[in-house]
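Any read-out appearing in this document is the output of simple, stated calculations on the displayed coordinates, not a laboratory observation. Only a predicted model underlies this, so the values are computations on that prediction, with no experimental measurement involved. Backbone-built Cβ (ideal geometry, glycine too); neighbour counts: all protein chains shown.
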Amino acid sequence: MQNIYFDNAATTPIHPEVIEVISTVMANNFGNPSSIHSSGRKAKGVIEESRVTMAKYMGCSPSELYFTSCGTESNNIALRKAADCLGIKHFISTPIEHHSVLSTLKDIVKQNPDIELHLLEVDEKGNYALEQLEQLLQKHSNVMVSIMHVNNELGNLSDLNSIGALCSSNDALFHTDAVQTVGYFNFDLSNIDMLSASAHKFGGPKGIGILYMKKGTQLDALITGGGQERGLRAGTENVPYIAGMAKAMALCYDHLIEKSAHIKSIKSYFQDSIRTKLPQIKFNGDVENSHYTVLSVRVPVKEGADMFLFNLDLKGISASGGSACNSGASKGSHVMEAIGNSGDCVNLRFSFGINNTRDEVDYCLQSLKELMDS
């Protein structure tokens, strides 16, 4: 049976060189990095070397990067501690953010009645107007904006430079969830105050992430205890996974041109093949302004998303679903609901990686046709 993985936006395969680095560090750098003896100093050195490596690729100072357990934790630190420490009275976001942002913001507002949450309106493609953002920024003070770089379900790209410039000119802080894009894009952090990322989205291990925080920003720890990560995040550091994340990032950016060209070609071939061979399948989101790894589609079938994905899996194809349509689920996707996507359809997300091929696309499209005709 085929084994085709089109769910790279959920997680990516760990690169073999990353596994090798993790294994080597596990075997040779077992010391606690907070210990002052040689084994501890050796482990601490691995952390700081990794921080320097990642800062080089992110275009920031090593002192501006903090290691966390994942993107969700990074988002929580940025948002919750901004509310606690920076006097934020207004958060501006969108209704199609990842749950780790949207649920966190709603929880902050619930616990702090004097803080308001403003959600930008989105159209049927999931786009929002920068004009509305500018109006809100001009109307309110003590503001933090949190808008993701790429929507994880639709693939829509946000213009971080334009958003950051608006925030900077209106004395607002700007946080972006860049979990889907670190390792795939180069960043200009000049107008970004905080940025979240996770290693397993770009060939690294699960359980390790980063928070970029612009120099001069002062937050208290969300997780308290020891003084690790310069007091921002207590807990003994995951030294092997930190080294693995740095290696994964280096592999991504050292080969970014050829890697991105290959993935773009796979997505383009998939997209063009749908248009010519399965025109009854429609695209979700703004496909002309989307991440080159993500393609979201609407498949006109009446069975639920879970069953459709199960049948795809039986054919050896891994993809993601999430639907506010006729899915039979108790609760559909908040993203699809926000863009008014309803009817007899199943929403599927195909997300591509460096290992995917055109032959896999051909097999997937044939499988989709068979399931739609059955």
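Give, to the nearest whole percent, the P(r) tail of the stretch 67-197 beyond 17 angstrom, counting all Cα pairs.
Numbers: 4599 of 8515 pairs.
So the pairs more than 17 Å apart make up 54 percent of the total in the stretch 67-197.
Would you kindly give the portion of the calculated P(r) for the stretch 98-138 that falls above 17 Å, as a percent of all Cα pairs? Kindly include the intermediate steps, with their values, before the conclusion.
Values: 379 of 820 pairs.
Pairs farther apart than 17 Å: 46 percent.
In the stretch 117-258, one over the average inverse separation of all distinct C-alpha pairs is 16.8 Å, which is the Kirkwood hydrodynamic radius.
Each other residue within a Cβ distance under 11 Å of L119 adds +1 if Lys or Arg and -1 if Asp or Glu, for a net charge of -2.
Here is the size of the stretch 256-373 from its Cα atoms: Rg then Dmax, 13.9, 42 Å. Modelled this way, with points 7 Å down the Cα-to-C-beta line, the labels at S168 and S273 are 4.3 nm from one another.
I'd like to know how the stretch 204-298 sits against the 2.2 N^0.38 Å rule of thumb: what's its Cα Rg over that expected value?
Numbers: Rg = 20.1 Å, N = 95, 2.2 N^0.38 = 12.4 Å.
Here the answer is 1.62, to two decimals.
For a straight C-alpha distance cut-off of 17 angstrom, the aspartates and glutamates reachable from K277 (same-chain residues fewer than eight places away being disregarded) are D359, E360, D362, E370, D373.
For the residue pairs K44/K247; K42/K247; K56/K264; K44/K259, alpha carbon separations beyond 22 Å are given by K56/K264; K44/K259. The residue among I257, I281, F352 whose Cα reaches farthest toward the positive pole of the charge dipole of the stretch 256-373, with charges on the beta-carbon of Lys, Arg, Asp and Glu, is I257.
Computed over the chain, the per-residue total of -39500 (n - 2.57) for DSSP H runs of n ≥ 4 gives a 222 nm mean residue ellipticity of -13000 deg cm²/dmol, rounded to 500. Highest mean packing first, where packing is the average number of other Cβ atoms within 10 Å per residue, the peptides 172-179, 201-208 line up as 172-179, 201-208.
Can you tell me what percent of all Cα-Cα pairs in the chain are more than 30 Å apart? Let's see the in-between values first.
Details: 28999 of 69751 pairs.
Value for the chain: 42 percent of Cα pairs lie more than 30 Å apart.
What base-10 log of the normalised intensity I(q)/I(0) is obtained for the stretch 171-245 from the Debye formula, alpha carbons as equal point scatterers, at q = 0.11, 0.12, 0.14, 0.27 Å⁻¹? For the requested q values the scattering log ratios are -0.32, -0.38, -0.52, -1.28. For K89, the lysines whose Cα comes closer than 24 Å to its Cα, not counting residues fewer than 8 places off in the same chain, are K81, K106, K110, K139, K214, K215. Taking the average, over residues, of other Cβ atoms within 10 Å as the packing measure, peptides 180-187, 266-273 rank 180-187, 266-273 from highest down. Using r as the Cβ-Cβ distance of D123 and S63, and R0 as 41 Å, what FRET efficiency do you calculate, to the nearest 0.05? Once the sixth-power term is evaluated, E becomes 0.55.
Highest-first packing order for the peptide set 274-284, 72-82, 9-19, 111-121 is 72-82, 9-19, 274-284, 111-121, based on the mean count of other beta carbon atoms within 10 Å. The value of relative contact order for the chain, using C-alpha pairs under 8 Å at least six residues apart, is 23 percent.
Start at zero, step by 5 Å, and the Cα-Cα distances of the stretch 76-130 spread as 4, 19, 30, 23, 13, 8, 2, 0 percent across the bins.
To two decimal places, what compactness ratio does the stretch 1-67 give when its Cα radius of gyration is scaled by 2.2 N^0.38 Å? Don't jump to the answer; show the numbers that get you there.
Values: Rg = 16.1 Å, N = 67, 2.2 N^0.38 = 10.9 Å.
Rg over 2.2 N^0.38 Å, computed on Cα atoms: 1.48.
Computed extension gain for E17 through E49, at 0.36 nm per residue and net of the alpha carbon distance, reaches 9.8 nm.
Given that compact globular proteins tend to follow 2.2 N^0.38 Å, what is the ratio of the alpha-carbon Rg of the stretch 1-154 to that value?
Numbers: Rg = 20.3 Å, N = 154, 2.2 N^0.38 = 14.9 Å.
The reported ratio for this selection is 1.36.
Take every DSSP beta bridge whose two residues both sit in the chain; close to 55 percent of them are antiparallel. In order along the stretch 157-172, the phi-based Karplus estimate (6.51 cos²θ - 1.76 cosθ + 1.60, θ = phi - 60°) of 3J(HN,Hα) comes to 8, 9, 8, 4, 5, 5, 5, x, 5, 4, 5, 4, 6, 10, 6, 10 Hz; Gly and Pro are listed as x.
Among G164, G59, G155, the largest mean-square fluctuation in a Gaussian network model of the chain, built with springs joining Cα atoms closer than 10 Å, belongs to G59.
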